[in-house]
Amino acid sequence: MSAQSTPGPGIPGKKPGTDSPRRKGAGGRRRKPPAGRRRGLLVAAWTTAGIVVLGGTGAGYLYLKLNGNLKTVDINQALGADRPSKADNGSENILVLGSDTRAGGNRKLGGGTDDGSARSDTAMIVHVYEGHKRASVVSIPRDTLVDRPECTDTQGTAHPAAHRAMFNESYGTGGAACAVKTVESLTGLRMDHYLEVDFSGFQKLIDDLGGVRVTTTKAIDDPNSHLNLTAGTHTLDGRQALGLVRTRHGVGDGSDLGRIQLQQAFVKALTDQVKQVGVFTSPKKLYDLADTATKAVTADSDLGSVNSLISFADGLKGISSSRMTMVTMPVRYDPADPNRVLIEESKAQQVWTALKADRPIPRAATEGTATGEAKGVVSGS
């Protein structure tokens, strides 16, 4: 099976020993899933950014309040000049992360203790092509073993390089700056922007939208993510949506790759839902959505104001769902540890080369790579 999804929209950690894949590979033996917390997706940030555009229609004092909601990180200052060059073809790359910090409202949603640590639960590279009419999205499995480069976080603390480190630990080690540094090291691509969304913001955003309608081709029952859906059509509220994008053992092969397939399908449904919501007919709904979105987002300093996000989102308006392709970074299960995956280097390089040249990702780049066997289980309605 191929890791590439059919063209569709999309943009959106763990602690060692918890919530890891159980599939060993083709013909491999499945492991009993370990008990523990399950973490989940945080909404597609380009969709969130699109909603932020609504805030631009409000009065001045509302603008100031929305502006005050935003949190920012100065990636450029932390990483300095030792980075890939910016593209000169008009394209942009955005790294979208969801973190599983246990602080605040996320502790109730994610479970576990607030120990001050966090991981990047969802990581997606969004490549917006020249002209901003098309985009490709590459999901990076969080359990991928990588060589993490030396990096300096936004507080100025240096962190040593590490061999065979889990990808999602880059964020836990040095925050957003180290996550960006790791992605740039893996891909050779400059990340022009960074966006991060949290658990509670994701859930509230779905509720403010009035839910998201999806169809499941089979029943999903996963006590770990508190999700129980019969086969059929459902309008998911925020908690159900969070459960869907967190689930892994209720569908597919129980791996994080399967969860990525569910996340990509949900993002497609969410995108279609946002386009259909008549927010401009209700000033209160318009403000509630903008307020929720700005509270949920952490952005790089270049996007750290409502005006900047409005401009950014306005540049994405021309990207319809039919002009967005989603893939998973080419990987294979690690023969030494079925709970981890390894990058298929030659195939991954095809992906990065295509994006650097602002070309579509070739189908051959993802053919024959590991998948989670959950494709087609969820679709929009």
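The values are calculated or read from the model by the stated rules, or taken from the named source; none is laboratory data. Nothing here was measured: the structure is a model prediction, and the numbers come from that model. Here Cβ is always computed from backbone atoms with ideal geometry, including for glycine, and neighbour counts include all displayed protein chains. Each accessible area value is taken on the protein alone, full model and side chains, heavy atoms only, with ligands, DNA and RNA left out. Shrake-Rupley method; radii C 1.70, N 1.55, O 1.52, S 1.80 Å.
Near ALA162, the amide H atoms lying under 5 Å from its own belong to ARG148; only residues 5 or more places off or on other chains count, and H is placed 1.01 Å from N. Rounded to whole numbers, the Karplus 3J(HN,Hα) couplings from phi for region 250-257 are x, 6, x, 8, x, 9, 5, 5 Hz, using 6.51 cos²θ - 1.76 cosθ + 1.60 with θ = phi - 60°, and x at Gly and Pro. Full extension of the chain between ALA357 and SER311 gives 14.1 nm of extra length, using 0.36 nm per residue less the Cα-Cα distance. The accessible area of GLU92, taken with all protein chains in place and a 1.4 Å probe, comes to roughly 40 Å². Short to long, the 5 Å bins of the Cα pair-distance histogram for region 226-272 hold 5, 22, 31, 31, 11, 1 percent of all pairs. Projected label points at ARG164 and SER379, each 7 Å from Cα along the beta carbon direction, are separated by 4.2 nanometres. For region 217-353, rounded, prolate or oblate, judged on the Cα gyration tensor with a ≥ b ≥ c (square roots of eigenvalues), a/c < 1.5 rounded, else prolate if a/b > b/c? It comes out oblate by the Cα gyration axes.
Altogether, the Stokes-Einstein calculation at 20 °C and 1.002 mPa s, with the Kirkwood radius of region 153-197 over Cα pairs as Rh, returns a diffusion coefficient of 194 µm²/s. Using the alpha-carbon positions of region 149-241, Rg (one decimal) and Dmax (whole number) come out as 18.6, 51 Å. When the residues HIS127, HIS159 are ordered by accessible surface, computed with a 1.4 Å probe over the protein chains alone, the sequence from largest down reads HIS159, HIS127.
For ASP334, the residues 5 or more places off, or on other chains, whose built amide H falls under 5 Å of its own are ARG340, VAL341, LEU342. No solvent, one uniform scatterer per C-alpha: report log10 I(q)/I(0) for region 296-368 via the Debye equation at q = 0.16 1/Å, two decimals. Rounded to two decimals, the profile gives -0.83.
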